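Report on one structure; see the data block that follows.
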Amino acid sequence: MTAPLWQLSAARLVEGYRGGAFTPVDALKSVLDRCDAVNPSLNAVITLAPETALEAAELSAGRWHAGAPLGPLDGVPVSIKDNLLVKGMRATWGSRAFADFVPDHDEVPVARLRTQGLVIFAKTNVPELTLQGYTDNLIFGATGNPHAPDLTPGGSSGGAVAAVGSGIGPLALCTDGGGSIRRPAAHGGLLGLKPSARTVRRGKGFPAILGEFEVVGPIARTLEDVALMLEVLAGDELPGGDLTASPRILHARTFAGQPVDPEISAGIDDTARRFAEAGCEVTTVDSLEILSDMDAVWPVVSTSGVAWLFDRYPALTEMAGQDLQAMAATGRGFTAADYAGAIAGIETIKDRFLGQLDGFDALLTPAIAALSWPKAKSHPETIAGQPVGPRGHAIFTAFANALGLPGLSIPAGVSAAGLPYGFQLVGPYRSERRLIAIAERLSPTSPDIPTGI
């Protein structure tokens, strides 16, 4: 029995286009039908553009017929996270202050996809201002995990994960400012890449309240698709993925002794063992202490950015939710000296971390510390029986943003309750292709797309 087109990866769709088995129009219609079927239970997609997407798919079909595709993913449907601007499509950033904003231009990475022939068909849901680790807002409500619709897919790219994980397109363009690609990918059983700072050019979008700490990258169901999307977004500027016969991996079970769900911890231990069996040289430490100071400096950077944004857009003062109001109030309490000190602190942490990573090709950690929780709650209150704060589930990701390093989130397994979780590889600056090559040693696969949603 032939699989429906919405189940195929981007690479398999391109194979079909090239061989004439089906067209980009066929693929788009299949994805839109899938959206109609499952989006009501997930709330992944919050804006559709079927007419303009159909026009783009028809043009792509003509190019494939002529043997002249614009790029390696020409004609592949892709959704766009709602904090990225797409010409003619509403961009709310999850905030009532931007509920009616329709940009008249594409943000730079979106324009890159368009010039390569990808078919932009949807915007996906986000938490307000993309600043939280779950996906809910006062405009559209909460998004569910395809593997458990009453639970969260994480955030802030939760809508993207719910879409790709349920078959509403094989690819999503997202942002990662503290783990917003990697953690949701892990919750959804998907692959997500946070590129190094400045690898994917930004511009012409919403204000960058996290500056170069926030980058654009892909979420997909296969490692091959992640690599193809990286090629489209970054071009040929990245170094190759050449490796020694025995790549060296530093495996950290946790950071600063913080709790990790036992099933996740055991699953990542098994991942480290599999890397060793695949010929890698793995060194395991129970706890990596050199990143413990990140919890002290990161809130200064993030909440200061929120306070600045509230000053720039006064409507937020009345229209933003309580959590964002609290972040802005915290940010206003910091001084310029506090911010400068945080930036200096990040440089100190970077020096220490790079010293620790010297001689290793990658750091291996869990991508998330907790399994998915109820979708309308901002965070789990306990992990492994220990009380945790709002970022207790997110301890493994923000350091890569602060240090400008690439991070790749890959499925590791599912819990006894059927909830996916993932591992993370972080490498030196601009080592994206090397991380992909290391991950290939395990031939990672995503859980099957849920069909009973």
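The values are calculated or read from the model by the stated rules, or taken from the named source; none is laboratory data. Keep in mind it's a predicted model, so treat the numbers as computed, not measured. Here the Cβ positions follow ideal geometry from the backbone for every residue, glycine too, while neighbour counts run over all protein chains shown. Just so you know, the surface numbers come from the protein's heavy atoms only, side chains and all, with ligands and any DNA or RNA stripped out. Shrake-Rupley method; radii C 1.70, N 1.55, O 1.52, S 1.80 Å.
May I ask you to give the solvent-accessible area per residue for the range 155-279, in square angstrom, as obtained with a 1.4 angstrom probe?
Numbers: 3450 Å² over 125 residues.
Here the per-residue accessible area is 28 Å².
Relative to its residue count, the range 109-168 spans a Cα convex hull of 88 Å³ per residue. Only one residue of 419, 453, 357 has its Cα farthest out toward the positive end of the dipole of the range 340-453, where Lys and Arg carry +1 and Asp and Glu -1 on Cβ, and that residue is 453. Only one of (1) 23.2, 79; (2) 20.5, 64; (3) 32.9, 119 was calculated from the structure for Rg and Dmax of the Cα atoms in Å, and its label is (2). Using a probe of 1.4 angstrom and keeping all protein chains present, the accessible surface of the range 14-127 works out to 38 square angstrom per residue.
So what is the relative contact order of the chain, in percent, for Cα pairs below 8 Å that sit 6 or more residues apart?
On the way: 1080 pairs, mean separation 81.2, N = 453.
Normalised by residue count, the contact order of the chain is 18 percent.
Over the range 289-370, accessible surface divided per residue gives 46 Å², non-protein components excluded, 1.4 Å probe. Take every pair of alpha-carbon atoms less than 8 Å apart whose residues are at least six positions apart; their mean separation over the length of the range 108-191 yields a relative contact order of 23 percent.
Between residue 21 and residue 429, what length comes free when the chain is fully extended (0.36 nm per residue of separation minus the Cα-Cα distance, one decimal in nm)?
Working: separation 408, 0.36 × 408 = 146.88 nm, distance 4.06 nm.
Gain on extension, residue 21 to residue 429, equals 142.8 nm.
Rolling a 1.4 angstrom probe over the range 197-339 with all protein chains present gives an accessible area of which 51% lies on carbon and sulfur atoms. Label-to-label distance for residue 245 and residue 286 is 3.5 nm, based on points extended 7 Å past Cα in the beta-carbon direction. What separates the Cα centres of the range 236-304 and the range 324-401 is a distance of 14 Å.
Each residue of the range 376-387 is assigned a 3J(HN,Hα), and the resulting list reads 8, 9, 6, 6, x, 7, 9, 9, 6, x, 10, x Hz, derived from the Karplus form 6.51 cos²θ - 1.76 cosθ + 1.60 (θ = phi - 60°), x at Gly and Pro.
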